[in-house]
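Trainee: Pasting a structure below so you can have a look.
The values are calculated or read from the model by the stated rules, or taken from the named source; none is laboratory data. Model, not experiment: these values are computed from the prediction. Here Cβ is always computed from backbone atoms with ideal geometry, including for glycine, and neighbour counts include all displayed protein chains. Just so you know, the surface numbers come from the protein's heavy atoms only, side chains and all, with ligands and any DNA or RNA stripped out. Shrake-Rupley method; radii C 1.70, N 1.55, O 1.52, S 1.80 Å.
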Amino acid sequence: MKRILGLVLIVTAVAAFNVWAGGKGEAASSGGGVVRLKLAGVTSDSSNLAEAYFKEIVEKESGGSIVVDLFPRNQLGDDRACVESTIFGDIDITVSSTSSIATTYHDLYLFDAPFLFLSNQHAYTALDGPTGKKILDGMAAIGLKGLCFWENGFRNYTNNKVAARAPADVRGSKVRTMENEIHLAAWRAFGANPTPMAFSELFTALQQGTVDAQENPLGIIAANKFNEVQKFVSMTQHVYTPYIVVMNLSKYNSLTAAQKAAVDKAVVESTKFQRETSQRLEKEIMDEFSKTGRTTVVILTEAEKSVFQKIITDNKIFDLVKTKVDHPEYVDAILGGQ
Ligand code: TK8
């Protein structure tokens, strides 16, 4: 009897300590009952800031019962490697470009369709609406909890030779693309000579001239200093690439209701923050490129962009997208404004 009473006292004391320590946010390194989440981030400043913001909210809202350890700037590997580690549970949360993992989760090919989104707002409406939710929820089939979509941004073509404004200017150029079939097909249709390559090899390839050109959103171009090895940034805005933030599903399910609520709240708030930051930084990056003068930002008119868009239509790239995704009806839903 005495022994049982002793045990009850100890358990109660430990629980009380956890509540006290948690409430003061002091449970961080004590281990006892604290859940540590390993978060792998990408090489974009807006994402890095949002990763830190996510950590802050989760830790505060969970009363210190969750600690998020940040591994920003792809230090644990390329997006695809990190997502695979998240499926296995070696990493708990990963931020990844959707295009990098479309081979693993086919519905993400949807977002590789060039000129699917013509504005950031259209992207947000679709990604936060019913189609986006279905795509996030569908990730359960591969052991992931799809948390949300952040913004990598509209992709732009950079090169060293010409202030590109038209398909004729990219003809024959050896442009690095992601290892993604839709991107390859689109660049072939534009008349370029696309070369798929891992992102981690890209800077050196540009520097050494293994490839002439690449395409990425402004935030990635600036954070990886591609502007130091590329003279022209043409604002082709041919593909809007979202980031998808994923979590190991069993890890999410193992959290208490209160901890899940903390994660869910951080997801909503960090998404708003990340997109606002992405838009703000894109403006700053354009100003800075123009000011330093080393990189010329080439603004395409709507008419110039629509020449690229027509090539996508004429080459039936959307039909190719529909053969790659598991749910071709999502393409039409998004085109219909959802
Ligand atoms: C960013 C990477 C990269 C992607 C690429 O996380 O490979 O070009 O756009 O920016 O996934």
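Trainee: Residues of segment 227-245 being surrounded by fewer than 20 Cβ atoms within 10 Å (Cβ to Cβ) and either closer than 23 Å to residue 102 by Cα or within 12 Å of the ligand (Cβ to nearest atom) (or both), which ones?
Mentor: Of everything in segment 227-245, nothing turns out to be surrounded by fewer than 20 Cβ atoms within 10 Å (Cβ to Cβ) and either closer than 23 Å to residue 102 by Cα or within 12 Å of the ligand (Cβ to nearest atom) (or both).
Trainee: Which of the following residues is open to solvent by 30 Å² or more (accessible area, probe 1.4 Å), of a type in the set (Val, Ile, Thr) and touching a strand residue (DSSP E or B) at 6+ places or on another chain (Cβ under 7 Å): 162, 170? It would help to see each step written out before you state the result.
Mentor: On the way: 170 fails: open to solvent by 30 Å² or more (accessible area, probe 1.4 Å).
When all the criteria are applied, what remains is 162.
Trainee: In addition: Quick check on this structure: which one of 137, 90 is part of a loop (DSSP other than H, G, I, E, B), over 25 Å from residue 184 (Cβ atoms) and either open to solvent by 40 Å² or more (accessible area, probe 1.4 Å) or within 16 Å of the ligand (Cβ to nearest atom) (or both)?
Mentor: Details: 137 fails: part of a loop (DSSP other than H, G, I, E, B).
Testing whether each residue is part of a loop (DSSP other than H, G, I, E, B), over 25 Å from residue 184 (Cβ atoms) and either open to solvent by 40 Å² or more (accessible area, probe 1.4 Å) or within 16 Å of the ligand (Cβ to nearest atom) (or both) leaves just 90.
Trainee: Taking the options 15, 28, name whichever one is touching a Gly at 6+ places or on another chain (Cβ under 7 Å), among the small types (Gly, Ala, Ser) and modelled with pLDDT under 95. First the steps, then the outcome.
Mentor: Working: 15 fails: touching a Gly at 6+ places or on another chain (Cβ under 7 Å).
Among 15, 28, only 28 is touching a Gly at 6+ places or on another chain (Cβ under 7 Å), among the small types (Gly, Ala, Ser) and modelled with pLDDT under 95.
Trainee: Further question: Go through segment 205-218 and give me each residue that's open to solvent by 20 Å² or more (accessible area, probe 1.4 Å) and closer than 22 Å to residue 48 by Cβ.
Mentor: Just the residues of segment 205-218 that are open to solvent by 20 Å² or more (accessible area, probe 1.4 Å), to begin with: 207-210, 212.
Across segment 205-218, there are no qualifying residues.
Trainee: Return the residues of segment 94-104 that are under 14 Å from the mean Cα position of the chain (by Cα) and either away from the ligand (no atom under 14 Å from the Cβ) or assigned to a loop (DSSP other than H, G, I, E, B) (or both); say none if nothing qualifies. Spell out the reasoning first.
Mentor: First pass over segment 94-104, keeping only residues under 14 Å from the mean Cα position of the chain (by Cα): 94-102.
Within segment 94-104, 98, 102 meet the criteria.
Trainee: For segment 190-204: of the residues being surrounded by 18 or more Cβ atoms within 10 Å (Cβ to Cβ) and assigned to a helix (DSSP H, G or I), which is nearest to the ligand (Cβ to nearest atom)?
Mentor: Top of the filtered list is 199.
Trainee: Residue 124 - would you say it is touching a helix residue (DSSP H, G or I) at 6+ places or on another chain (Cβ under 8 Å), aromatic (Phe, Trp, Tyr) and away from the ligand (no atom under 16 Å from the Cβ)?
Mentor: When the stated conditions are applied, residue 124 passes them.
Trainee: Which pairs turn up if I take residues in segment 161-179 that are within 25 Å of residue 200 (Cβ to Cβ) and assigned to a strand (DSSP E or B) and look for partners that are within 16 Å of the ligand (Cβ to nearest atom) and open to solvent by 50 Å² or more (accessible area, probe 1.4 Å) with beta carbon separation below 7 Å, at least 6 apart in sequence or on another chain?
Mentor: Sorted first by the residue in segment 161-179, then by its partner, the pairs are 177/196.
Trainee: Are any of the residues in segment 143-156 within 19 Å of residue 294 (Cβ to Cβ) and either open to solvent by 50 Å² or more (accessible area, probe 1.4 Å) or within 12 Å of the ligand (Cβ to nearest atom) (or both)? Working first, answer last.
Mentor: Of all residues in segment 143-156, those within 19 Å of residue 294 (Cβ to Cβ) come to 156.
Checking the rest, the ones that are also either open to solvent by 50 Å² or more (accessible area, probe 1.4 Å) or within 12 Å of the ligand (Cβ to nearest atom) (or both) come to 156.
Yes; the residues of segment 143-156 include at least one that is within 19 Å of residue 294 (Cβ to Cβ) and either open to solvent by 50 Å² or more (accessible area, probe 1.4 Å) or within 12 Å of the ligand (Cβ to nearest atom) (or both).
Trainee: Then there's this: If you take the residues of segment 40-62 that are touching a helix residue (DSSP H, G or I) at 6+ places or on another chain (Cβ under 6 Å) and closer than 13 Å to residue 263 by Cβ, which of them is most open to solvent (accessible area, probe 1.4 Å)?
Mentor: Step one: of segment 40-62, the residues touching a helix residue (DSSP H, G or I) at 6+ places or on another chain (Cβ under 6 Å) are 40-41, 43-46, 49-50, 53-54, 57-58, 61-62.
Checking the rest, the ones that are also closer than 13 Å to residue 263 by Cβ come to 54, 57-58, 61-62.
Values: 54: 4, 57: 17, 58: 0, 61: 78, 62: 17 Å².
Across segment 40-62, the extreme among qualifying residues is 61.
Trainee: So which of 112, 69 is surrounded by fewer than 21 Cβ atoms within 10 Å (Cβ to Cβ) and modelled with pLDDT of 95 or more?
Mentor: Going through 112, 69 in turn, the sole match is 69.
Trainee: Is it the case that residue 75 is within 16 Å of the ligand (Cβ to nearest atom) and among the polar types (S, T, N, Q)? If you could, list the steps in order and put the result at the bottom.
Mentor: Values: within 16 Å of the ligand (Cβ to nearest atom): yes; among the polar types (S, T, N, Q): yes.
Yes.
Trainee: When residue 216 is evaluated against the numbered criteria (1) out of contact with any Cys (no Cβ under 9 Å at 6 or more places or on another chain); (2) more than 12 Å from the ligand (Cβ to nearest atom), which criterion, by number, is the only one it fails?
Mentor: (2)
Trainee: Please tell me if residue 137 is within 21 Å of the chain's Cα centre (by Cα) and modelled with pLDDT of 95 or more. It would help to see each step written out before you state the result.
Mentor: Numbers: within 21 Å of the chain's Cα centre (by Cα): yes; modelled with pLDDT of 95 or more: yes.
Considered against the rule, which asks whether it is within 21 Å of the chain's Cα centre (by Cα) and modelled with pLDDT of 95 or more, residue 137 comes out as yes.
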